[in-house]
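Chemist: Structure in structure tokens, see below.
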Number of protein chains: 2
Amino acid sequence: MGKTGTVTSLQQPPKSFTTSAAFEQNFLPGLAIDAVIFGFHEKELKVLLLQYRNSNLFSLPAGFIRKDENLNDAAKRVLQERTGLQNIYLEQYYTFGDLARFDNAPMKKIMIGNGLQPEADHWLLRRFVSVGYYALVDYTKAIPVPDEMSESCGWYDLKTLPPLIQDHQAMIQKALTTLRENLDRKLIGFNLMTETFTMNELQSLYETIAGQKLRRTSFQRKMLNLGILERVAKKMTGGAHKAPYVYRFIAEKKTG
Amino acid sequence: MGKTGTVTSLQQPPKSFTTSAAFEQNFLPGLAIDAVIFGFHEKELKVLLLQYRNSNLFSLPAGFIRKDENLNDAAKRVLQERTGLQNIYLEQYYTFGDLARFDNAPMKKIMIGNGLQPEADHWLLRRFVSVGYYALVDYTKAIPVPDEMSESCGWYDLKTLPPLIQDHQAMIQKALTTLRENLDRKLIGFNLMTETFTMNELQSLYETIAGQKLRRTSFQRKMLNLGILERVAKKMTGGAHKAPYVYRFIAEKKTG
């Protein structure tokens with residue numbers, strides 16, 4: 001199934017929305033943040049998306065930077081608001097600033113779908129440069145939270161993404177490429193795992209991200225040689241001799 | 001010597017400077033570009049810096065993004081303006097957005113040093129988020145060009161940098177870290193070499209960037225196995241049997 005763990009908004013659509021004057025007073029102009037939040041569940045890599053109200057359009061979780069806020073802190077805030085999680089592993093990976101991404105027709109449609117009648121120069125319809133972050137979260141711990149303009153917030157398989165606004169499809173692709181490049185070098189994959197896991201589950205994660213099968217014996221040897229895995233005591237069951245070992249990550253998870 | 005290949009400005013200091021209104025009309029607000037331009041000369045890694053007029057302060061080449069311009073194109077423009085070079089290898093590596101970098105006292109001093117009396121809210125004194133790019137150029141081909149507010153533009157050894165404004169020191173450090181990480185994976189080092197070079201010269205570049213000595217035989221084997229080097233015919237000289245082979249990079253240089 002493409003869509004899982006979706007949380008639907010109980011809020012009413014906003015009657016009013018931040019005015020341009022209020023936005024300009026509180027936020028940095030022209031700059032946004034978009035977050036590609038990866039999760040891993042049932043051998044699929046997933047990404048957290050919002051569906052806008054009264055539209056078939058989806059987007060990455062996004063936000064703006066307060067005038068008294070560090071850029072990276074704004075990203076942490078956006079992630080926490082959408083997942084309920086603190087101390088997420090996140091990494092800034094690229095800043096998107098092509099003119100081509102400045103197509104405000106979909107946003108206009110979304111705003112009208114939310115009962116607004118935006119003036120032509122409304123701040124949400126201006127050109128934004130967006131700083132892209134990717135985050136790795138434990139799927140089982142995140143609680144998706146829709147934002148003001150969204151009907152729902154949920155996980156979608158990377159393989160079957162719904163229609164996304166602007167260049168969000170390309171943003172996800174570039175985040176995945178960066179994640180692949182960094183996977184071995186930075187040992188960040190563990191941030192996507194549950195508290196405990198089997199070697200098979202860990203291998204499945206690496207295979208999914210890399211997009212290719214790995215050799216079981218060499219993968220296992222490599223992982224154990226890193227010295228960052230600890231065996232958890234086996235539970236006693238009838239077929240205990242056949243149960244696989246369960247591991248836990250012993251170093252602290254990185255937080256970017 | 002720390003400073004080489006410096007070009008001094010023949011221009012008079014600007015009598016007036018872009019007004020806030022003119023800036024806002026033509027450029028994206030709140031967003032800048034800073035470029036760490038690396039060169040390699042006499043076994044030293046160098047970086048291109050500007051010295052502001054009537055001050056002992058230096059800065060990275062910087063610029064702003066026109067409203068009708070892609071972010072990456074603005075970076076190319078800045079690089080071309082400062083080096084005279086087109087098709088430079090450049091890579092976006094990080095966007096700097098800490099509040100702490102927003103200290104406008106040095107810029108105020110520089111503006112006054114240029115004969116200006118900026119109003120408190122002058123656009124150059126506002127908070128900017130800056131997209132960092134690093135570039136790799138052939139030192140022998142770049143022609144440093146000072147900008148409007150600079151007295152000179154030249155190359156400085158990474159080991160003996162002069163006092164830099166804002167977080168430019170940290171920007172250079174992070175660019176160097178990224179360059180190190182990418183050196184093997186992306187084969188970009190060749191962009192720092194002259195047209196032809198000896199294996200020793202290439203090894204010296206890699207050692208300088210990595211900050212450590214490499215084994216001659218394994219380095220040579222690795223480089224030759226990449227299949228991207230071509231031997232250039234030896235010049236006939238008296239001691240030809242002792243002259244080292246000269247190489248050329250056969251793939252097209254990457255342009256980011």
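Chemist: Between B:D68 and B:L224, what's the calculated FRET efficiency when r is the beta-carbon distance and R0 is 45 Å? Round to 0.05.
Modeler: That gives a FRET efficiency of 0.45.
Chemist: With N residues in segment A:96-189, what two-decimal value do you get for its Cα radius of gyration over 2.2 N^0.38 Å?
Modeler: Relative to the rule-of-thumb radius for its length, segment A:96-189 sits at 1.30.
Chemist: Also, quick follow-up: Does any residue of segment A:79-104 lose at least 20 Å² of accessible area with all protein chains in place compared with its chain alone, and if so which ones (probe 1.4 Å)?
Modeler: In segment A:79-104, residues shielded by partner chains: A:Q92, A:Y94, A:T95, A:G97, A:D98, A:L99.
Chemist: Please work out the average accessible area per residue across segment B:181-229, using the 1.4 Å probe convention, and give it in Å².
Modeler: Each residue of segment B:181-229 exposes 51 Å² on average to a 1.4 Å probe.
Chemist: For peptide A:65-77, what's the mean number of Cβ atoms from other chains within 10 Å of each residue's Cβ?
Modeler: Across A:65-77, the average partner-chain Cβ count within 10 Å equals 3.
Chemist: Also: Once amide H atoms are placed 1.01 Å from N in the peptide plane, what residues at a sequence separation of 5 or more from B:L229, or on another chain, have their amide H within under 5 Å of its amide H?
Modeler: B:I250
Chemist: For A:D103, enumerate residues with amide H under 5 Å from its amide H, sequence gap 5+ or separate chain, H modeled in the peptide plane.
Modeler: HN-HN under 5 Å from A:D103: empty list.
Chemist: Also: Of B:N225, B:N56, B:N191, which has the largest mean-square fluctuation in a 10 Å C-alpha GNM of chain B?
Modeler: B:N225
Chemist: Set the Förster distance to 51 Å, then compute FRET efficiency between B:T4 and A:Q86 from the Cβ-Cβ distance, nearest 0.05.
Modeler: Efficiency, from the Cβ-Cβ distance: 0.55.
Chemist: Express in nm, to one decimal, how much length is gained between A:D157 and A:K242 on full extension, taking 0.36 nm for each residue of separation and deducting their alpha carbon distance.
Modeler: Taking 0.36 nm per residue and subtracting the Cα distance, the gain is 27.4 nm.
Chemist: I've got another one for you. Provide the buried accessible surface between chains B and A in square angstrom, both chains summed, 1.4 Å probe, rounded to the nearest 100.
Modeler: Chain pair B/A: roughly 1800 Å² of buried accessible area.
Chemist: Roughly what would the spin-label model give for A:R127 and A:T19, points 7 Å off Cα along C-beta, in nm?
Modeler: Label-label distance for A:R127 and A:T19, simple model: 2.7 nm.
Chemist: While we're looking at this one, here's another question. When the Cα atoms of segment B:76-131 are enclosed in a convex hull and the volume is divided per residue, what value in Å³ results?
Modeler: Hull volume normalised by residue count: 105 Å³.
Chemist: Given the pairs B:K186/B:K242; A:K76/B:K109; A:K43/A:K242; A:K76/A:K186; A:K76/A:K159, which span a C-alpha to C-alpha distance of over 29 angstrom in this model?
Modeler: Over 29 Å apart, Cα to Cα: B:K186/B:K242; A:K76/B:K109.
Chemist: Could you size up the charge dipole of the protein assembly as shown around its Cα centre, putting +1 on the beta carbon of Lys and Arg and -1 on that of Asp and Glu, and report it in debye to the nearest 20?
Modeler: 2180
Chemist: Which aspartates and glutamates, if any, have their Cα less than 16 Å from the Cα of B:K141, not counting same-chain residues under 8 positions apart?
Modeler: B:E42, B:E81, B:E195
Chemist: If I take R0 = 35 Å and measure r between the Cβ atoms of B:N54 and B:T208 in this structure, what FRET efficiency does the formula 1/(1 + (r/R0)^6) give, to the nearest 0.05?
Modeler: The formula returns an efficiency of 0.55 here.
Chemist: A further question follows. If you plug each phi of segment A:177-187 into the Karplus form 6.51 cos²θ - 1.76 cosθ + 1.60 with θ = phi - 60°, what whole-Hz ³J(HN,Hα) values come out, in order, with x for Gly and Pro?
Modeler: With coefficients 6.51, -1.76 and 1.60, one gets 4, 5, 4, 4, 5, 8, 4, 6, 5, 10, 6 Hz.
Chemist: Something else: Work from the charge dipole of chain A (Cβ charges, +1 for Lys and Arg, -1 for Asp and Glu, about the Cα centre) and give the residue of A:H122, A:M223, A:A100 farthest towards its positive end.
Modeler: A:M223
Chemist: Here's a follow-up. 7 Å along Cα→Cβ for the label point: how many nanometres lie between A:G84 and each equivalent label in the other copies, listed shortest first?
Modeler: When each copy's label point is compared with this one, the spacings are 6.3 nm.
Chemist: Roll a 1.4 Å probe over the protein heavy atoms and report the accessible area of A:L124 in Å², nearest 10.
Modeler: 20
Chemist: Between the label point of A:A22 and that of the same position in each other copy, find the distances and list them shortest first in nm, with every label point placed 7 Å from Cα along the Cα-to-C-beta direction.
Modeler: 3.7
Chemist: Treating only the Cβ atoms of Lys and Arg (+1) and Asp and Glu (-1) as charged, compute the dipole magnitude of chain A about its Cα centre; round to the nearest 20 debye.
Modeler: 1120
Chemist: If you place +1 on the Cβ of every Lys and Arg, -1 on the Cβ of every Asp and Glu, and leave all else neutral, what size is the dipole of segment B:100-145 about its Cα centre, to the nearest 20 Debye?
Modeler: 60
Chemist: Taking the DSSP beta bridges in segment A:1-142 as the whole, what percent of them are antiparallel, to the nearest 5?
Modeler: For segment A:1-142, the DSSP antiparallel bridge percentage is about 70.
Chemist: Would you report the distance distribution of C-alpha pairs in segment B:191-237 as whole percents per 5 angstrom bin, up to the bin with the largest distance?
Modeler: Binned Cα distances yield the sequence 4, 18, 28, 27, 15, 6, 2, 0.
Chemist: Something else now. From the backbone phi of segment B:163-169, what are the Karplus-calculated ³J(HN,Hα) couplings (6.51 cos²θ - 1.76 cosθ + 1.60, θ = phi - 60°) in whole Hz, Gly and Pro given as x?
Modeler: Whole-Hz 3J(HN,Hα) from phi for segment B:163-169: x, 10, 6, 6, 9, 5, 4.
Chemist: Here is a further query. How many nm is it between the label spots at A:T140 and A:A105, if each spot is 7 Å from the Cα in line with the beta carbon?
Modeler: If labels sit at A:T140 and A:A105, their model points lie 4.6 nm apart.
Chemist: ³J(HN,Hα) across segment A:52-63 via Karplus (A = 6.51, B = -1.76, C = 1.60, θ = phi - 60°), whole Hz, x for Gly/Pro?
Modeler: Karplus-based 3J(HN,Hα) across segment A:52-63 equals 5, 4, 6, 7, 9, 9, 10, 8, 6, x, 9, x Hz.
Chemist: Of A:Q86, B:F23, A:T196, which is farthest along the charge dipole of the protein assembly as shown in the positive direction, counting Lys and Arg as +1 and Asp and Glu as -1 at C-beta?
Modeler: A:T196
Chemist: Still on this structure, I have one more. Comparing the chain by itself with all protein chains present, which residues of segment B:25-39 are at least 20 Å² less accessible (probe 1.4 Å)?
Modeler: Listed by number, the residues meeting the 20 Å² cut-off are B:L28, B:P29, B:L31.
Chemist: What residue among A:K186, A:K46, A:K174 has the largest mean-square fluctuation in a Gaussian network model of chain A, using Cα springs under 10 Å?
Modeler: Maximum among the listed residues: A:K186.
Chemist: Which value, in Å² rounded to 10, gives the accessible area of A:D157 with a 1.4 Å probe and all protein chains present?
Modeler: Here the accessible area works out near 20 Å².
Chemist: At 7 angstrom along the Cα-to-beta-carbon line, where would the label on B:L99 sit relative to the other copies? Give the distances in nm, shortest first.
Modeler: In ascending order, 3.6 nm.
Chemist: Which residue fluctuates the most in chain B, going by a Gaussian network model with Cα springs under 10 Å, if the choices are B:V246, B:V47, B:V78?
Modeler: Top of the fluctuation ranking is B:V246.
Chemist: Averaged per residue, what accessible surface does segment A:1-147 expose to a 1.4 Å probe, in Å²?
Modeler: Ligands and nucleic acids excluded, the figure is 44 Å² per residue.
Chemist: Work out Dmax and Rg for the protein assembly as shown from the C-alpha atoms and quote the Rg first, both in angstrom.
Modeler: 26.2, 88
The values are calculated or read from the model by the stated rules, or taken from the named source; none is laboratory data. Keep in mind it's a predicted model, so treat the numbers as computed, not measured. Reconstructed Cβ throughout: ideal geometry from the backbone, glycine too, with neighbour counts over all protein chains shown. Calculation scope for accessible area: heavy atoms of the full protein, side chains included, ligands and nucleic acids excluded. Shrake-Rupley method; radii C 1.70, N 1.55, O 1.52, S 1.80 Å.
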